[in-house]
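The values are calculated or read from the model by the stated rules, or taken from the named source; none is laboratory data. Remember, it's a predicted structure, so these values are computed and weren't measured experimentally. Every residue, glycine as well, gets a Cβ built from its backbone with ideal geometry; the counts of neighbours run over all protein chains shown.
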Amino acid sequence: MSRSVSDGLAISHRPLAISLCPETLNQALTFPCGKPENQGTILNPQAISGDILASTPATKTNGKADSEGSLARAHLTKDDYLELLKQLYLARYFDIRLAKEKRRGRLTGTLYSSHNQEAILVGSLYGLRPNDWISPIHRDMPAFFLKDIRAGWDNNDRMGLTIEELCAQVWCKVTSPSRARDNWSHIGSKAKHIIHSTSMLAGTIPAAAGVVYADRLNGGDAVVLTYNGEGSTAQGVFHEAINFAAVHKLPVITIIENNHWAYGTPNHLEYSLPDFARRADGYGIPGLIADGQDVLDVYDKVMECVEYARAGKGPSIIECKTYRSYGHGDHDDDRAAKYRPQEEIEMGRSRDPIAIMKGICVEKGYLSQADADKYKAERKHATEASDEDFPPEVVEYVKRGVEFAVQSPAPEAHEGSMWVFAEETK
Amino acid sequence: MSRSVSDGLAISHRPLAISLCPETLNQALTFPCGKPENQGTILNPQAISGDILASTPATKTNGKADSEGSLARAHLTKDDYLELLKQLYLARYFDIRLAKEKRRGRLTGTLYSSHNQEAILVGSLYGLRPNDWISPIHRDMPAFFLKDIRAGWDNNDRMGLTIEELCAQVWCKVTSPSRARDNWSHIGSKAKHIIHSTSMLAGTIPAAAGVVYADRLNGGDAVVLTYNGEGSTAQGVFHEAINFAAVHKLPVITIIENNHWAYGTPNHLEYSLPDFARRADGYGIPGLIADGQDVLDVYDKVMECVEYARAGKGPSIIECKTYRSYGHGDHDDDRAAKYRPQEEIEMGRSRDPIAIMKGICVEKGYLSQADADKYKAERKHATEASDEDFPPEVVEYVKRGVEFAVQSPAPEAHEGSMWVFAEETK
Amino acid sequence: MAAVAQPTKKNYITALKEALMEEMSRNNDMVCIGEDIGILGSAFGTTEGLQEKFGASRVIDAPISEAAIVGTSVGMALNGKTVMIEMQFIDFISCGFDQIVNMMATYHYRTAGDASMPIVIRGPAGAYSGGALYHSQMNESWFLNSPGLKVVCPSTPYDAKGLLKAALRDPNPVIFYEIKNLYRLPKIEEELPEEDYIVPLGEAKIRREGKDITIASYGQNVYHCLDAAAHLEKQGYEAEVIDLRSLNPLDEKTLVESVAKTNRFLMVNEAPKTCGFAGDVVARMSDIAFEYLDAPPLRITRMDTPVPWAKSLETHVLPSVKDIADTAHKLITY
Amino acid sequence: MAAVAQPTKKNYITALKEALMEEMSRNNDMVCIGEDIGILGSAFGTTEGLQEKFGASRVIDAPISEAAIVGTSVGMALNGKTVMIEMQFIDFISCGFDQIVNMMATYHYRTAGDASMPIVIRGPAGAYSGGALYHSQMNESWFLNSPGLKVVCPSTPYDAKGLLKAALRDPNPVIFYEIKNLYRLPKIEEELPEEDYIVPLGEAKIRREGKDITIASYGQNVYHCLDAAAHLEKQGYEAEVIDLRSLNPLDEKTLVESVAKTNRFLMVNEAPKTCGFAGDVVARMSDIAFEYLDAPPLRITRMDTPVPWAKSLETHVLPSVKDIADTAHKLITY
Ligand SMILES: Cc1ncc(C[n+]2csc(CCOP(=O)(O)OP(=O)(O)O)c2C)c(N)n1
Ligand SMILES: Cc1ncc(C[n+]2csc(CCOP(=O)(O)OP(=O)(O)O)c2C)c(N)n1
Ligand SMILES: [Mg+2]
Ligand SMILES: [Mg+2]
């Protein structure tokens, strides 16, 4: 046992420098929309606090790049690297496929695209144990089938939803986990440890705290990962839940997907500091920043927090810096191209998570340059990308889900009044 | 103009060391109830985070006592010192008088005693301008008449409630500002810039942000002081309001009266850190700690934050460490003597604000020892203290209020259905 | 000769205490959470002794965070627990409102039965005691209009215990209104069965039989109705007084049977009039008992005002025995 | 010859936009606050151009904090401002619930008139459009049961503009339900007066005259009622359709006069049945129009369920034209 009790105590209630963030990364993480000199359509600069210029450091850093050996990724094999890359393709392809289907009028409801944000989902889920819990929200659709996908893409008993279930949900079919009662991301599974969200932002973080509280009562050591947009951190219930988790040292890891826009509202109108990880400081819990475009950085940071949480040290917050590629939802695509400056959008999309992971794999010698050039999904808009830009197994996998969904029936009308109440008595 | 713009920027978004807290003070501020080795009736030590032992420093300190010259108190005269002392007596006498009346069955409703916490109210209000706003809550009854009392104890036009109005309110009479419609501290005045609270804890902080937002729109420079118990900082609306104020750099000063108990719940079950001032860190605003027993320390800290706020630099939080003398309300007095260890109670009451201020006045030569010994209200329980323990003008002042209240009529029944809606149209 | 144990009468709050104690013993997966319910044993003492017996991890002193209290309970329920939530006063339930109506109430529905929510939210409620706006509320209508919630309000010690136990065994979320004015009211003390019992949700109770008018109510207003009935008796009329006990599910059968007999209906509660439950029951009677009615089905409620503090004001806006007796008389002689 | 300006018909959302633009111009002390109402101009475009014209300090892009949005508005109102709050969808109003019902609604009452609260909370509402549980709500009953709030729901462009302007000039807080399904519905477009006008709160509007039954409703259900009336006409019956427009204050006079003529009453809305406003109006009619009624006053509402997503399910739980026509027929032939 290498950790002593005093180790734990020493790091337990200040924002921790348990991860490093090289200087270069800091720059990569900064998008212009948080800055007053580049405000999109913001009309009243006075409303913007002048001192956003004086940015806090992303995380405390010791000033030199960390050696790989101390990072969680050190335990990953070549196969893991290639699997992570493939999952990035999978998440991307799923999103693009939905965008196409939506454009063809085959889907009802709104697509909140996860395009360009996939590394956060793939990287955060990769190291979880099957019985860990997750709580995805509107922009995290791929999370539902990525959970525990290491147990086998085709293993329907794994602790995640199947691609069929997920497609059935999007296609509004009775074969979906919600039996088409609630839409898109408002699904989950009690058995598979996925919390069912509502629309109310940040509304599932208390439930996340509750599931692990119950688990601890039962002697378990599961952790829970909750996903939230940066804008959602302004909700009162965010505060109440994290405070509760901090008081009880619950293993709740809150991932803030900072894509720099909350619908039409930029960072500086949601929060007074440039780094949403600093929310952690008010609770005396670790607040880390990850490069949301780099699946390995996300993986490292999440695994550090998972280890910390599983050891009983309590909750943490990880801000993953990223950028929303398109509109808030697909209905907002056209407007979003106007309320956000074009250079910003280009900069935000420039560090494509697939490209970055490809580069790392090539550099490591895990992938030949020729193989890397084979599937060119990166930086392609849904209208530009074709099936050929993706590994065939990825296309096949999603296709299977879509076919299942298309063939599934819609729910029968009478189900509308069912399940208001549970019937059995405990 | 002695401050430069860069001054402002440099101190604007980290917890500031704009005030000093001598080491000795730090100790004085620490009550045992926050500590696991001294938990009152807490039954399950595991629920308590072990690392509360490793307390964060109260505020950053440079290790030596500050020279008076840089503090706001430097501008106070002998008369101010003596007036502050007299106001401490006044606040104390008012509370004791109510306790006696309540015990005699003359009052309806609950007395949330401010005994031992008066320095927070007196010290925070002393330097305000008449048109500044305040938002007192249940334990802050004296704040209503202490506001702008510098404009003359007998000046009924000052920007504060009169002692008559306040007594009428407590006695549930139609002459009170609420016309006896809502109880005890749930009063205020639009004209006198006092926000009317509800019972819902932390529920007026957003309104506080709103009044100063409106004031700024009108070109004003008023600030607002909100009072909150430390337990109330766990409310979601606390977070939403402070976040909003921080984003818009509103002059909202939030005073946390940390009396170490929220009804029957001690600090460590409400918050994961020992110092509630650290809540500020999550918003990138100054979080100060004041000795809530020392009226001058409270005055200094509040005036620093007032200056900061008036300069447009934004909100701040001041935690005033104090201790609740009695039960949560008078109905809880007996139980509170059981769920809180006796040594803790004694320690909590040992630094009486009247005694401390008397000592300072004597030391400064503003008060002779003989005069100081004349009125011995300090550390006396309501049942022990008599009118002779207070300066006669204080007793007279409250008496006037009580007489007015006693002679005032109760409201007529038909008023019960009035004022649900406002009639005039704008 | 051995001393024979004197049967003891118990008050309403003792009945609630027993229910909590027994259910916590019976169900190891039950957790209690709320403000000041552990160390203090609750503002009114309802949870006294629970933390001592079951530990601080099963009897949680929560931060002052009603939304988190409800939300964490949802999570615990999702992971197999039964949860009792105490609101220190039912008035503060508004601070956890979204989590109740949108997260908890709908969970079973939107997951097509994947997850049920065995959660009881209970708390002291009701006016007539000088509690003013924020310590007097009866806000059950908000929850009755939010599908997925059961709502219960006992008026006697026997029902308090039996309904609370039933609620804690129900797989659905239940909002449980305790009438703080009844907690220690001596006149309603009664003996409670030694053995385990429940009062099933959805069964009304006829508190007094009569043939001239049906007066339905719940909570402390039941006693106002009984007093009005006594008054009517002096005038020669027999009022039937029905204590609904459970608002959702509602025992329509007992109501209709009574109205079939009395041909008059009056519903009394202390909540604000507009969109309150009294109006709802009146509308139901229009629908299901119109043919029996020889007079309009009416309601007596609080005026559409908050509950003010001063006694004179409070009395003015709340239903009184006289209001009930007068209106009942009007209906009987319609 | 000079070209004569073609009178233009305007849709419901344009009417709302004009109301906001005109009131902001008219009242320098008016402030707008909400999520994404500035830079974006609101999710549905309702506030487009407002921030450009009046600046970011009067048109505030708030953080995602409904409670703070309501609470800061209360503070602004206390300090002399008139505030328009947009809820992105009316469903999210639950997150600011306590501030609405306990802080804002009661302010005038508990201060005995010291402070009035000229605040309008408006937002897109209503079902029938596949919005599922959290983008379909009609939750007006919560607020109608919370004294101190006015509640309004227009069904035409003319009323949308006139009621919004009246609401923004009212010294009381108003919850303003906009029916998002009507925002851009071509068939209801109409010309709007050039000059300033308001539609006073508390006046119902007879949308169709008839002598056989009174059908009252509001919002998009008004059109369902009109369709049902057209259907009944083919059967030889004339239904009178009343659009309440304002729920509190309610125009009881128009209702009673109509029922005095038709002797039948049916109330329709899409909110959940129990404790919904339909039941309340039914109960009122029992009270104030019983003598005129030759059949039970009835209601048609959503079932007591959330609004589900799939069209088949949604249709099942919501009132349909057929439901209305059938029940009306039953009542007429009672
Ligand atoms: C409580 C609540 N208020 C408002 C909304 C409407 N809304 C949906 S998404 C959104 C923006 C969310 O921004 P962010 O949290 O940054 O997540 P992102 O969409 O950028 O991933 C808003 C305001 C909501 N769903 N819930
Ligand atoms: C939203 C809300 N929840 C619960 C309560 C009940 N309550 C009244 S005072 C109190 C304790 C407050 O503690 P603290 O904030 O520390 O203030 P103190 O009374 O110690 O001054 C509680 C829980 C309330 N008034 N409002
Ligand atoms: Mg975002
Ligand atoms: Mg306290």
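Considering segment B:202-244, and only residues there that are among the charged types (D, E, K, R), away from ligand 2 (no atom under 14 Å from the Cβ) and not in a loop (DSSP other than H, G, I, E, B), the residue that is farthest from B:Pro130 (Cα to Cα) turns out to be B:Arg216. Residues considered: D:Pro200, D:Pro186. Of these, the only one that is out of contact with any Leu (no Cβ under 9 Å at 6 or more places or on another chain) and either within 14 Å of chain A (Cβ to nearest Cβ) or surrounded by fewer than 19 Cβ atoms within 10 Å (Cβ to Cβ) (or both) is D:Pro186. Residues that are within 14 Å of chain B (Cβ to nearest Cβ), more than 16 Å from ligand 1 (Cβ to nearest atom) and touching a residue at least 40 places away in the same chain (Cβ under 8 Å) were ranked within segment A:218-247; the one that is surrounded by the most Cβ atoms within 10 Å (Cβ to Cβ) is A:Ala245.
Just one of the numbered conditions (1) in a helix (DSSP H, G or I); (2) basic (Lys, Arg); (3) under 16 Å from the mean Cα position of the chain (by Cα) is not true of C:Lys187: (3).
Of all residue pairs spaced 6 or more apart or on separate chains, those with beta-carbon atoms under 7 Å, a first member in segment A:253-273 that is more than 11 Å from chain D (Cβ to nearest Cβ) and within 11 Å of ligand 3 (Cβ to nearest atom) and a second member that is of a type in the set (Lys, Arg) and part of a strand (DSSP E or B) are A:Asn258/A:Lys321. Apart from one condition, C:Phe143 fits all of (1) part of a helix (DSSP H, G or I); (2) more than 16 Å from ligand 1 (Cβ to nearest atom); (3) in contact with a Pro (Cβ under 8 Å, 6 or more places away or on another chain); the exception is (3). Mind checking whether some residue in segment A:287-309 is assigned to a loop (DSSP other than H, G, I, E, B), closer than 30 Å to A:Arg92 by Cα and within 16 Å of ligand 1 (Cβ to nearest atom)? The answer is yes; a qualifying residue exists. Of the candidates B:Arg158, B:Arg150, B:Arg181, the single residue that is more than 16 Å from ligand 4 (Cβ to nearest atom) and within 11 Å of chain C (Cβ to nearest Cβ) is B:Arg181.
Taken over segment C:54-91, the residue count meeting the criterion of being closer than 24 Å to D:Gly96 by Cβ and either among the basic types (Lys, Arg) or assigned to a loop (DSSP other than H, G, I, E, B) (or both) is 7.
Residue-level check: of (1) out of contact with any helix residue (DSSP H, G or I) (no Cβ under 6 Å at 6 or more places or on another chain); (2) not in a helix (DSSP H, G or I), B:His414 misses just (2).
Determine, yes or no, whether A:Cys167 is modelled with pLDDT of 95 or more, buried (at least 24 other Cβ atoms within 10 Å of the Cβ), over 20 Å from A:Val302 (Cβ atoms) and away from chain C (no Cβ under 14 Å). In short, yes.
Within segment B:187-197, can you find the residues that are surrounded by fewer than 24 Cβ atoms within 10 Å (Cβ to Cβ) and in a loop (DSSP other than H, G, I, E, B)? B:Lys190, B:Ala191, B:Lys192 - these are the residues of segment B:187-197 that are surrounded by fewer than 24 Cβ atoms within 10 Å (Cβ to Cβ) and in a loop (DSSP other than H, G, I, E, B).
Just one of (1) within 16 Å of ligand 1 (Cβ to nearest atom); (2) part of a loop (DSSP other than H, G, I, E, B) fails for B:Ser178. It is (1). Exactly one residue among D:Ser129, D:Ser155 is away from ligand 4 (no atom under 16 Å from the Cβ), surrounded by 24 or more Cβ atoms within 10 Å (Cβ to Cβ) and over 20 Å from B:Tyr213 (Cα atoms), and that residue is D:Ser155. The single condition from (1) surrounded by fewer than 24 Cβ atoms within 10 Å (Cβ to Cβ); (2) more than 14 Å from the chain's Cα centre (by Cα) that A:Leu296 fails is (2). Among the conditions (1) crowded, with 20+ Cβ neighbours inside 10 Å; (2) out of contact with any helix residue (DSSP H, G or I) (no Cβ under 6 Å at 6 or more places or on another chain); (3) part of a loop (DSSP other than H, G, I, E, B), D:Leu331 misses just one, which is (3). The residues on offer are C:Ser141, C:Ser217, C:Ser136, and the sole one that is modelled with pLDDT of 95 or more and within 14 Å of chain B (Cβ to nearest Cβ) is C:Ser136.
Kindly indicate whether any position in segment B:318-328 is surrounded by fewer than 21 Cβ atoms within 10 Å (Cβ to Cβ) and more than 21 Å from B:Gly123 (Cα to Cα). No: segment B:318-328 contains no residue that is surrounded by fewer than 21 Cβ atoms within 10 Å (Cβ to Cβ) and more than 21 Å from B:Gly123 (Cα to Cα). Within the option set C:Gly41, C:Gly75, C:Gly34, C:Gly96, being over 22 Å from B:Asp333 (Cα atoms) and either among the β-branched types (Val, Ile, Thr) or more than 16 Å from ligand 1 (Cβ to nearest atom) (or both) holds for one residue only, C:Gly75. Find all pairs meeting these conditions: Cβ atoms under 7 angstrom apart; at least six residues apart or on different chains; first residue within segment C:265-276 and β-branched (Val, Ile, Thr); second residue in a loop (DSSP other than H, G, I, E, B). If the second residue must be in a loop (DSSP other than H, G, I, E, B), the pairs left are C:Val268/C:Pro319; C:Thr274/C:Asp304; C:Thr274/D:Asn145. Taking the condition at pLDDT 95 or above, within 16 Å of ligand 4 (Cβ to nearest atom) and of a type outside the set (Asp, Glu), does B:Gly229 pass? So B:Gly229 passes the test.
Against the definition (assigned to a helix (DSSP H, G or I), among the hydroxyl-bearing types (Ser, Thr, Tyr) and touching a strand residue (DSSP E or B) at 6+ places or on another chain (Cβ under 8 Å)), how does C:Ser258 come out, yes or no?
yes
The residue that is nearest to B:Phe244 (Cα to Cα), among those in segment A:274-314 that are touching a residue at least 60 places away in the same chain (Cβ under 8 Å) and among the basic types (Lys, Arg), is A:Arg278. The criterion of being modelled with pLDDT of 95 or more and more than 21 Å from C:Glu35 (Cα to Cα) does not hold for A:His248. Name the residues in segment A:274-286 that are in contact with a Pro (Cβ under 9 Å, 6 or more places away or on another chain) and either within 16 Å of ligand 2 (Cβ to nearest atom) or within 9 Å of chain B (Cβ to nearest Cβ) (or both), would you? Listed by number, the residues that qualify are A:Arg278, A:Ala280, A:Asp281, A:Tyr283, A:Gly284, A:Ile285.
The number of residues in segment A:192-203 that are at the interface with another protein chain (Cβ under 8 Å from one of its Cβ atoms) and either under 22 Å from A:Gly127 (Cα atoms) or modelled with pLDDT under 95 (or both) comes to 2. Among the helices (runs of 4 or more DSSP H) confined to segment A:322-408, the ones with at least 2 residues that are within 14 Å of chain D (Cβ to nearest Cβ) are located at A:333-339. Quick check, is D:Ile85 touching a residue at least 60 places away in the same chain (Cβ under 8 Å), in contact with a Gly (Cβ under 8 Å, 6 or more places away or on another chain), under 15 Å from D:Ile175 (Cβ atoms) and among the β-branched types (Val, Ile, Thr)? The answer is no for D:Ile85.
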